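Everything on this sheet refers to the single structure shown next.
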Amino acid sequence: MTNKQSATAGTTESSDIMITLKPNQQGIQVELESNVKKQFGEHITALITDILQRLAITNVKVEAVDKGALDCTIKARTIAAAYRLRGESDYEWEAINSWND
Amino acid sequence: MRVQRLWLELNPSAKAAWQTLLRQSGLVPDAQVDYVVGIYEQEYLIATGSTYQNIIKLVAVADTAQHQNLLATITTALWERLTSTGYEQAYVYTKPCTATYFQALGFKNIATTAHVALLERGYPDLAAYQEKLRQKKQPSHQAGAVVMNANPFTNGHRYLVQTALKSCDVVYVLVVSEDRSTFDTATRLAMVQQGLADESRVVVLPTDHYLVANTTFPSYFLKDQADLAVAAEQARLDAQLFLTRIAPVLAIKQRFVGEEPNSPVTALYNQQMAATFAGRLQLTVLPRLRVDSRVVSATTVRQAIRAGDWPRVRALVPPTTEQIIRSVYHDK
């Protein structure tokens, strides 16, 4: 499978988050748009960055449009977007589940 | 709430409901759509949206259903349709007052005038285009820019660039990328590059989707207005985009355009640029180059090609262009 230039997961429905990954020169850069940015902005950004690091994605620009998503949703959408970016669909569930331990 | 496709051609009652909903929202039902979706509440159409190529348009939600966030549902359905048909970018033209709704759905503003806002989503985006420009940027004190379609590249274009070089230390030549001309994008770009290869202070760049993008005319929100008024609005948006998003990246201080005595739309474009740039960027309108007391234009060259009048073509274009034209027509 080839690497795509960009990938999206999620919607902008209430309680969801839409994660779009685009190429970036260096590092993980998160642009967050959220109604609760003041309260949870740092937390959401840290969560997305953490997931991407675990998936060994290092140079990426993240556009996150949050509509009040819970952590589990943010995690799921980020993982899905990352796999779509790499063009993979064989999720390593064991590894992903072990993050919860 | 289920989003369903509306088959306007096959279903007259759906078409009537669609037209009514759009009119109620102050939009003009426009036949230029590829794909239309709607949401029904019982038998009433309460929300709709359409695409034409990769432009999202005619999005409306009934007054009675304003608080259900149907805009998000409609936009998601249209975006999924676009991505599944292979598009990776989407554009929205809307009124500036509704632009914030689309921004809340992840669209980014590209340019805004008093009446129109243009937004985009996807990749490559404006930031990627600006990065491309930045990589080709040359150090300059007085950078100039010429935007051309070069269909084909003529001595007139060359004259325009050479005149610009007299007062500028670097001239950026932006070649329209939209593939809607007699000569395709790659051929036009090659003509310009070869035709200006001897000028070391010239940088040739594509415009991608961001300048004189000749896509559909986004006239649906400009109802009850003559075509020239629509053209003026589009010209203003284009000028605004150049002024705020492109000129600063390349430190462009001056833009050169050819005078167009024959086309009212181009004259309007020049007029709108002058009004938009107003003091922040210099606009220089140059009289057209004349050969045998007739103005040199790409239109006359195309006429000469059609007529098979090669001596006339040779008089109007540089040798590099003539060679390309001959090879294109030889292949056919």
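The values are calculated or read from the model by the stated rules, or taken from the named source; none is laboratory data. These figures come from a predicted structure and were not determined experimentally. Here the Cβ is made from the backbone with ideal geometry for all residues, glycine too, and neighbour counts use every protein chain on show.
Before moving on, here are some points about what is shown:
- Looking only at the stretch B:51-89, residues that are free of Cβ contacts under 8 Å to residues at least 60 places away in the same chain, touching a Gly at 6+ places or on another chain (Cβ under 6 Å) and crowded, with 18+ Cβ neighbours inside 10 Å come to 2 in all.
- If you go through the stretch B:226-253 and keep only what is among the β-branched types (Val, Ile, Thr) and under 21 Å from B:Asp169 (Cα atoms), you end up with B:Ile246, B:Val249, B:Ile252.
- Residues located in the stretch A:1-31, provided they are among the hydrophobic types (A, V, I, L, M, F, W, C) and surrounded by fewer than 18 Cβ atoms within 10 Å (Cβ to Cβ): A:Met1
- Hits in the stretch B:245-291 - residues which are part of a helix (DSSP H, G or I) and within 14 Å of B:Ala143 (Cα to Cα): B:Ile246, B:Ala247, B:Pro248, B:Val249, B:Leu250
- Answer from B:Ala143, B:Ala111 - the residue that is under 17 Å from the mean Cα position of the chain (by Cα), farther than 14 Å from B:Thr207 by Cα and either assigned by TED's automatic domain parsing to the domain that holds B:Ser25 or at pLDDT 90 or above (or both): B:Ala111
- For first residues located in the stretch A:4-15 and more than 7 Å from every other protein chain (Cβ to nearest Cβ) and closer than 24 Å to B:Asn69 by Cβ, partners that are assigned to a strand (DSSP E or B) and not aliphatic (A, V, I, L, M) and lie 6+ apart or on another chain with Cβ distances below 7 Å form the pairs A:Thr8/A:Thr20.
- Test result for A:Ile51, within 13 Å of another protein chain (Cβ to nearest Cβ), over 26 Å from B:Gln135 (Cβ atoms), of a type in the set (Val, Ile, Thr) and in contact with a helix residue (DSSP H, G or I) (Cβ under 6 Å, 6 or more places away or on another chain): no
- B:Tyr91 being at pLDDT 90 or above and more than 14 Å from every other protein chain (Cβ to nearest Cβ): yes
- Number of positions in the stretch A:16-28 that are assigned to a strand (DSSP E or B), within 11 Å of chain B (Cβ to nearest Cβ) and of a type outside the set (Ser, Thr, Tyr): 6
- Within the stretch A:33-54, tally of residues that are surrounded by fewer than 18 Cβ atoms within 10 Å (Cβ to Cβ), outside any helix (DSSP H, G or I) and within 14 Å of the chain's Cα centre (by Cα): 0
- Out of A:Ala80, A:Ala64, sole residue that is touching a residue at least 24 places away in the same chain (Cβ under 8 Å), among the aliphatic types (A, V, I, L, M) and surrounded by 22 or more Cβ atoms within 10 Å (Cβ to Cβ): A:Ala64
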